[in-house]
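The values are calculated or read from the model by the stated rules, or taken from the named source; none is laboratory data. Computed from a predicted model, the values in this text were never measured in an experiment. FYI the Cβ positions are ideal-geometry reconstructions off the backbone, even for glycines, and counts take in every protein chain you see. SASA here: full protein model, heavy atoms, side chains in, ligands and nucleic acids out. Shrake-Rupley method; radii C 1.70, N 1.55, O 1.52, S 1.80 Å.
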Amino acid sequence: MAQDFDLLRSQLLDVIKANRAKCVPSDEHPSAVTGEAAQEHCLEEGPAALPPMAISLLERVQEYQANPDEERFSKMVTLAEQMDAKSLLVSARVLMEILVQANLAESHQRLRSFKRALKSFVTMDFTDRFSLRVHVCQQKDVSHQKSRVCWFDSGPKPLKCQDPGDTAIKTFRGCFNKMTAARLFKGWPERRMLSWQMIAAEAKEKGITYTQIRALVNHKIELVLTAHPTQAQRRSNLKKHESISELLKVNDTRDSLTPGEQEELRAKIQALQWSCWRTNAVRRNRPTAEGEARNGMLVLEDAVWKAVPEHCRRIDRCLKHRGMPPLPYDASVIKMSTWMGGDRDGNPNVTAATTREVSALLRWRVAELYYAEVDALLFDLSMTGDTSEELQQELQNLAGMWPTPSFNGDKVCRPDTRCGVHLNFHNGVAADEPYRRLLMSVRRRLFRTKKCMESLYLGKPVDKDFEPEVYKSMEELARPLEIVYRSLVSTGDEVLANGRLLDLIRRVRTFGISLACLDIRQESDRHEEVMDAITQYLGLGSYSAWAEQQKCDWLLQEIESKRPLLSPGMPMSDIVREVINTFCTIAELPPEAVGAYCISMSRATSDILAVCLLQKVGGVQQFMRISPLFETREDLQAAPRVVDSLLSIPWYKNHVKGKQEVMLGYSDSVKDAGKFASTWALHVAMEKLVEVGTKHGVEITFFHGRGGTISRGGGPPHLTLLNQPAGSITRHLRLTVQGEMIQQHFMNPEVAEHTLERYAVAVLEHMLTPPPLPCPDYRAAMEELADLSAQDYQTTVFRSPDDQFVKYFHTATPSAELAQMNIGSRPAKRRNYGGIDTLRAIPWIFAWTQTRLLLPVWLGNGHALDKFIADGKLELLQRMYASWPFFKSMLDLIDIELGKADEHIAAHYDSKICDDALKPLGKDLRKRLQQATSSVLQVKKEQEILSAEPSTKLAIGMRRPYLDATHVIQAEVLQRLRKAGEHISEELADAMIVSIQGLCFGLEVTARSCTAQLAMGSSVLAVAMDAPLAVEPSTLVIEMGRGVLGDFKADADETSTVDSSGSDVEDKEEINVQSWSMVGRKIFDRLAEYDSDDDFDVMQNPPINTHAWSSVGAKIFKTLADFDEDED
């Protein structure tokens, strides 16, 4: 990661600085403006030459990087104060581009680690497992107080460091190994060969069946893309970043490249960097809802479309290696949905017309993608001869679609003139090619579907002859393809069936007839406005003034009534008309093109019944499933009561047919009550909702509205799922992928494959080893912590004297300036009035991130923990952290977020832009940040933040000099903007926007981070720990690569027979007991260095002799070799 960052940063600076003072001729960069003219051209796109002040700032940053002290920070501040607006803009842009390079390097490291994980027995590369040493850990006796993150370009270089996202069990292979070894083999007496027969025997003993294991794999995960305004990067540059990532993969093979190829590689990287630099980084227009949907479609098409087949094949391979059949050909383990074009909560820009157009666009695009795949299959499936009776019958049924051939031997399935021009098989296919004949009918319907969707999108009449052939359900499209598959398998052509055809079937099962199912979301108050307008028009009084029971009784009566509720002449406000038009639009769409109807701010049973009635009013024949969204802490606490009341209604319980979806809001609950209270409220709500579902015989599916940052419920999948109680994950899990996380998760197909596997494995691990239920003491303690935290948080935020906190928030953070960024189609507030309570959670958290105070994630938590510690309950908290996964994951996530908080940066903002009256509040908040940090460390028994997160610390340290410099620029720009009032120069405003973007990119690091728990894997530990205490001395004959032993060669003692000359291990056919003893001891020594919970120290009690260590070492290597599929 560090080397990639150094490469990208140096390449970027070289290409930017090359044009300074006419160093680059204008014919080399035709758009270049050099010399003094360049300094006049310092606009929001990168200038062709850097101004001198920007060059000076980069030099100051390098000095600060080498020695990050207050003196050098002050020098950067002084220099920023001397800059003009144009220099500030260019400096912010340079720093932003450098931070983008850091993100690309980290993303590539994650992908590289993921690939290593796929090749190894556990998730870490075999050689890296023992060389994982960040600079702070190289000396075993280095104190935590003296530990510093190594910055690059100065000081020692760290050794290779595994990405934190890949050090826990993050692959199917690793998860299955954990399952079969940790759960099924504990106590197995003979473990030299881990065969499937042993798995089966022990599984039977433990009561775990094949069916249960396969049920885990068949669990469906639905990822919902949302257009929340946290993606600050323009799509124009995102595509270029994807190309740079591809070139980094080529750079990994640089040792095999010729000098000319290496030079060409660097030139390509610089060309892309230069293109990004010269592209306007500032959006001049806010994106439309349709534009957001198009961006989402590009992500699905470019990455997820290609990743889904490989994701399924990985599951197939893992099942095959464990003696089980692969996934069924019609399995659907991944589902994609979207809110883009359907989320109208507080967004007047999303209308019924928008939803209709976006739905047509999604259906048009997926028809094009399917068409291309079927066109390719027409080449592949050219076979003649016997086919299944099922296929022959299908061909007879479809014979009427085509004109009769003019003479015997003429081609059949000849497209008519209205079907446009086809590049392939334009004149039909031979009569003796049955598979092609069936595929031609599929291609024809896809073509007609595509043309009809074009007409719908453009608002033109749909061709009446084409409309009957439009695909309206997934089964219509999948059926002929699956008939072909079954025929190929039955006639011995299984190898062809399991190629492109199987990939297409699985894509159809994943994407359906719409590239992503379109969810609809609206606020409950809007529905109440419609109901109120109807009841007042009918002379029934004000619906809003009715009691809850009266509302429910009337709604049920109207739902079950056969008469229409609305009259054509009813007067309506614009809001009421738009809501009703939305439901009329839903009625026009195929049921499979839409997903869930999400009701934000759900508070009562009537909120759900109102949507049922509105679907009837709109003419919806097959009701959308309804997902009430509970967001605030109070609403989460009331959620079980609301759902219980809802499922107690006979009509509704019969309507949902045993399944009810419930959406949980993470961002708003954190904004409402703080992290502790929010996390616990969500946990308890899920527990009680599961109980409610069990009571009524209804399966509760949770839809998690997680954001990208930890403050908004984001974080590593395996950690966030630990916050969920056992039983909360059933056969279907839905969760959002929001804003900037879409690009991080789906940058390219390989990253998308990694993302899908991480989510799937996190679910498998949760279901395999569900978190234990807390004991009554833990539950009572957490309840008290949540109450203490919420009280402190809400008193500070919502009940400060004279609204001092509100004034501080708007003064000390760039909250107002965030509104200038055209990064989303919806406003920052649900209403055009009100204070923090009406502010959306995303800009609330976004603003605090910019100043590095990160208040939402820690405010209240420190007070609660400190109160417990003061009351003598520290030991209780430490026990909770050690033995309760929920509490541990919560603190670990907070720890990660605290790792990027910086009180000194926050203090700098206060000194620049706060008046004297507000500075005491800022000082108090920074003191409370220190308190929260200290309390968390005491509970975790650690000396500094991120002690257990060396990779995360490394990634933050890599960015910190450029982050701090960006803060210096932003604080200076903010000060000038506030003083300028209405007379603001365009350069200064753009500098503000660019600095916000830069900090967004630089602080993305923890959204991708995971807890770095170094573990060899439960199966290897089981082998080692069950080694006999004594074995007969013997000579062990082995075959292995040089990788692991090479790590020990430098430390080998003189008695070892391990060759220290660096020659291959194969050259030494025999390794004696003493050597194996050394290997075994060193393996456990290395693991013990990273053993945070002290459960790994096998050397103290009882003592293990040399012969026992010999057995340990040998068994570890033998076990690893058994799972070494590629024999490397």
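Return the residue satisfying two criteria in turn: it lies in the stretch 785-828 and is among the polar types (S, T, N, Q), within 29 Å of the chain's Cα centre (by Cα) and more than 18 Å from VAL857 (Cβ to Cβ), and of such residues it is modelled with the highest pLDDT.
Ranking the qualifying residues of the stretch 785-828, first place goes to GLN820.
Give the stretch 721-745 a look and list any residue that's open to solvent by 10 Å² or more (accessible area, probe 1.4 Å) and of a type in the set (Ser, Thr, Tyr), or say none.
Within the stretch 721-745, THR730 is the sole residue that qualifies.
Name the pairs: first residue in the stretch 245-256 and modelled with pLDDT under 90 and of a type in the set (Asp, Glu), second residue open to solvent by 80 Å² or more (accessible area, probe 1.4 Å) and not in a loop (DSSP other than H, G, I, E, B), Cβ to Cβ under 6 Å, at least 6 apart or on different chains?
So the pair list comes out empty.
Anything in the stretch 849-873 that is touching a residue at least 60 places away in the same chain (Cβ under 8 Å) and more than 30 Å from GLN970 (Cβ to Cβ)? List them, or say none.
Selection gives ALA864, LEU865, ASP866, LYS867, PHE868, ILE869, LYS873.
Would you be able to say whether some residue in the stretch 563-580 is in contact (Cβ under 8 Å) with a residue 60 or more places away in the chain and assigned to a helix (DSSP H, G or I)? Full working, then the answer.
Filtering the stretch 563-580 down to residues in contact (Cβ under 8 Å) with a residue 60 or more places away in the chain leaves 578.
Still in the list and also assigned to a helix (DSSP H, G or I): 578.
Yes, because at least one residue in the stretch 563-580 is in contact (Cβ under 8 Å) with a residue 60 or more places away in the chain and assigned to a helix (DSSP H, G or I).
Condition first: at pLDDT below 85 and more than 13 Å from the chain's Cα centre (by Cα). Now tell me which residues in the stretch 691-720 satisfy that.
Taking the stretch 691-720 first, the residues at pLDDT below 85 are 706-720.
Selection gives SER711 alone.
Looking at MET76, MET96 in this structure, which one is touching a Lys or Arg at 6+ places or on another chain (Cβ under 6 Å) and at pLDDT 90 or above? Talk me through it step by step, then tell me what you get.
Details: MET96 fails: touching a Lys or Arg at 6+ places or on another chain (Cβ under 6 Å).
Within the list MET76, MET96, the selection yields MET76.
Of the residues that sit in the stretch 394-410 and are loosely packed, with under 13 Cβ neighbours inside 10 Å and modelled with pLDDT of 90 or more, which one is nearest to the chain's Cα centre (by Cα)?
Among residues in the stretch 394-410 that are loosely packed, with under 13 Cβ neighbours inside 10 Å and modelled with pLDDT of 90 or more, the one nearest to the chain's Cα centre (by Cα) is ASN397.
Out of the residues in the stretch 676-706 meeting the condition of being more than 16 Å from GLU634 (Cβ to Cβ) and among the β-branched types (Val, Ile, Thr), tell me which one is most open to solvent (accessible area, probe 1.4 Å).
Taking the candidates together, the pick is THR694.
Quick check: anything in the stretch 435-458 part of a loop (DSSP other than H, G, I, E, B) and either modelled with pLDDT of 95 or more or open to solvent by 80 Å² or more (accessible area, probe 1.4 Å) (or both)? Spell out how you get there, then give the answer.
Here is the first cut: in the stretch 435-458, the residues part of a loop (DSSP other than H, G, I, E, B) are none.
Within the stretch 435-458, not a single residue is part of a loop (DSSP other than H, G, I, E, B) and either modelled with pLDDT of 95 or more or open to solvent by 80 Å² or more (accessible area, probe 1.4 Å) (or both).
Report every pair of residues separated by at least 6 positions or lying on different chains whose Cβ atoms are under 7 Å apart, first residue within the stretch 643-654 and under 18 Å from MET686 (Cβ atoms) and at pLDDT 95 or above, second open to solvent by 40 Å² or more (accessible area, probe 1.4 Å) and not hydroxyl-bearing (Ser, Thr, Tyr).
Every condition considered, the pairs that remain are LEU647/LYS653.
Identify, from the list MET324, MET340, the residue that is in a loop (DSSP other than H, G, I, E, B) and modelled with pLDDT under 85. Steps first, answer last, please.
Details: MET340 fails: modelled with pLDDT under 85.
Residue meeting the stated conditions: MET324.
Residues are listed down the side, and each one gets a yes or a no for (1) under 30 Å from ASP416 (Cβ atoms); (2) surrounded by fewer than 21 Cβ atoms within 10 Å (Cβ to Cβ); (3) under 28 Å from the mean Cα position of the chain (by Cα):
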residue	(1), (2), (3)
GLU310	no, yes, yes
ASP316	no, yes, yes
TYR329	no, yes, yes
VAL333	no, yes, yes
THR338	no, no, yes
GLN392	yes, yes, no
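Any idea which residue in the stretch 882-932 is nearest to GLU81 (Cα to Cα), counting only those that are open to solvent by 20 Å² or more (accessible area, probe 1.4 Å), acidic (Asp, Glu) and assigned to a helix (DSSP H, G or I)?
GLU903
Would you say ARG479 is farther than 26 Å from MET340 by Cα, open to solvent by 50 Å² or more (accessible area, probe 1.4 Å) and either among the polar types (S, T, N, Q) or in a helix (DSSP H, G or I) (or both)? First the steps, then the outcome.
Values: farther than 26 Å from MET340 by Cα: yes; open to solvent by 50 Å² or more (accessible area, probe 1.4 Å): yes; either among the polar types (S, T, N, Q) or in a helix (DSSP H, G or I) (or both): yes.
Judged against the criteria, ARG479 is a match.
Considering only the stretch 873-881, I want to know if a residue exists there that is open to solvent by 10 Å² or more (accessible area, probe 1.4 Å), modelled with pLDDT of 95 or more and not in a helix (DSSP H, G or I).
Yes, the conditions are met somewhere in the stretch 873-881.
Tell me which residues, restricted to the stretch 528-559, are in a helix (DSSP H, G or I) and in contact with an Asp or Glu (Cβ under 7 Å, 6 or more places away or on another chain). Explain how you work it out, then say what you get.
Of the residues in the stretch 528-559, the ones in a helix (DSSP H, G or I) are 528-537, 543-545, 548-559.
Result: TYR543, SER544.
Can you confirm whether GLU529 is within 30 Å of ALA227 (Cα to Cα), open to solvent by 20 Å² or more (accessible area, probe 1.4 Å) and in contact (Cβ under 8 Å) with a residue 12 or more places away in the chain?
Values: within 30 Å of ALA227 (Cα to Cα): yes; open to solvent by 20 Å² or more (accessible area, probe 1.4 Å): yes; in contact (Cβ under 8 Å) with a residue 12 or more places away in the chain: yes.
The answer is yes for GLU529.
Check off (1) in a helix (DSSP H, G or I); (2) within 21 Å of LYS616 (Cα to Cα); (3) not aliphatic (A, V, I, L, M) for GLY499 and give me the number that stays unchecked.
Here GLY499 clears every test but (2).
Restricting to the stretch 398-426, name every residue that is under 24 Å from LYS464 (Cα atoms) and part of a loop (DSSP other than H, G, I, E, B). Spell out how you get there, then give the answer.
In the first step, residues of the stretch 398-426 are kept if they are under 24 Å from LYS464 (Cα atoms); the result is 398-404, 413-422, 426.
Result: LEU398, TRP402, PRO403, THR404, CYS413, ARG414, PRO415, ASP416, GLY420, VAL421, HIS422, HIS426.
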